[in-house]
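Engineer: For reference, the structure I am asking about is given below.
The values are calculated or read from the model by the stated rules, or taken from the named source; none is laboratory data. Predicted model, so just to flag it, every value in this text is computed and none were measured. All Cβ positions, even for glycine, are placed from backbone atoms using ideal geometry, and neighbour counts span all protein chains on display.
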Amino acid sequence: MKCRIQFAVCFILFFMMVAIPSLAAETVVLTYGEWPPYHSSKLPGKGVASIVYEEAFGFSGVKVVYECLPWKRAYEKARHGEATGSVGWLKSGEREKFFFYSDPVMESETVFFYNRYNGFEWNEVEDAKDMRIAIPLGDLAQETFTTVVKSGSGEIHTTRGYVQGMRMLVAGRVDLFVCNREVGLHILKNRFPDATHVVVHPRPIRKGASHLIISRRIPFGLELVKKFNKGLHWLKESGRYQQILTEYFEEKSGL
């Protein structure tokens, strides 16, 4: 009997020795595109949202390795399972075919940036039908405004990135730029500090939340989402989530 107990104890200890390093070594590869101040290879911690994702996973002992790519490539690499997943995505029916979604990570607003001296007011999206509008490639608003300008004299200019869209607006090549509020303000402050004529309209075009997406091709992908959600819940309940945002915007990025 004593031998059996000793054997059982040894077995449990052996299992723990094997299992604990395995858990500690669990790693996810997450893709992202340049989207400062949320995600950027040029910012401390790779951006404020990147820190949240990393700490939420870290709560369950999961290590995050980030890979910065053009947004389209970031999405496709995750969709095909070449990466575990990607960060910073709004929900859409099409994406849910390929990914498991986490709980909402960060709330955000998509707005119009415009030239204050030209003026611009709107109540319905149709009010922009005669405007030259810059929209980043892949933005969910692209289809909507492409339809809108067909009923007027406006134009859609699809940009490769957010900086290009803001540059077009600053130079007067377009009348409106559709962009996330914080992303646009970050670009103005850091890339076009003298463009005081460019302002943001207070009425949001769209409100939404960004999510972690994990490829459905990844084994135990749903379990990874559950681990992430658990850590995210802890960050918010403990106050650490708000602490990250406050420290980042006030101390690191100066926004």
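Engineer: Is the range 69-81 home to any residue that is more than 20 Å from PHE228 (Cα to Cα), in contact with a His (Cβ under 7 Å, 6 or more places away or on another chain) and touching a residue at least 12 places away in the same chain (Cβ under 8 Å)?
Structural biologist: Checked against the condition, which is being more than 20 Å from PHE228 (Cα to Cα), in contact with a His (Cβ under 7 Å, 6 or more places away or on another chain) and touching a residue at least 12 places away in the same chain (Cβ under 8 Å), the range 69-81 yields no hits at all.
Engineer: Mind listing whichever residues of the range 179-205 are farther than 30 Å from GLY81 by Cα and part of a strand (DSSP E or B)?
Structural biologist: The answer is VAL198, VAL199, VAL200.
Engineer: Another question about this same structure. Can you find even one residue in the range 231-250 that is surrounded by 15 or more Cβ atoms within 10 Å (Cβ to Cβ) and touching a strand residue (DSSP E or B) at 6+ places or on another chain (Cβ under 6 Å)?
Structural biologist: No.
Engineer: Can you say whether ASP103 is in a loop (DSSP other than H, G, I, E, B), touching a residue at least 12 places away in the same chain (Cβ under 8 Å), surrounded by fewer than 20 Cβ atoms within 10 Å (Cβ to Cβ) and not assigned by TED's automatic domain parsing to the domain that holds THR196, as far as the supplied structure shows?
Structural biologist: Against the criterion (in a loop (DSSP other than H, G, I, E, B), touching a residue at least 12 places away in the same chain (Cβ under 8 Å), surrounded by fewer than 20 Cβ atoms within 10 Å (Cβ to Cβ) and not assigned by TED's automatic domain parsing to the domain that holds THR196), ASP103 qualifies.
Engineer: Taking GLY93 as meeting all but one of (1) outside any helix (DSSP H, G or I); (2) under 21 Å from TYR38 (Cα atoms); (3) of a type outside the set (A, V, I, L, M); (4) at pLDDT below 95, write down the number of the exception.
Structural biologist: (2) is the only condition that GLY93 fails.
Engineer: Tally time: how many residues in the range 108-160 are in a strand (DSSP E or B) and either farther than 21 Å from PRO37 by Cβ or of a type in the set (Val, Ile, Thr) (or both)?
Structural biologist: 12
Engineer: Does LEU176 satisfy the condition of being within 23 Å of the chain's Cα centre (by Cα) and modelled with pLDDT under 95?
Structural biologist: Considered against the rule, which asks whether it is within 23 Å of the chain's Cα centre (by Cα) and modelled with pLDDT under 95, LEU176 comes out as no.
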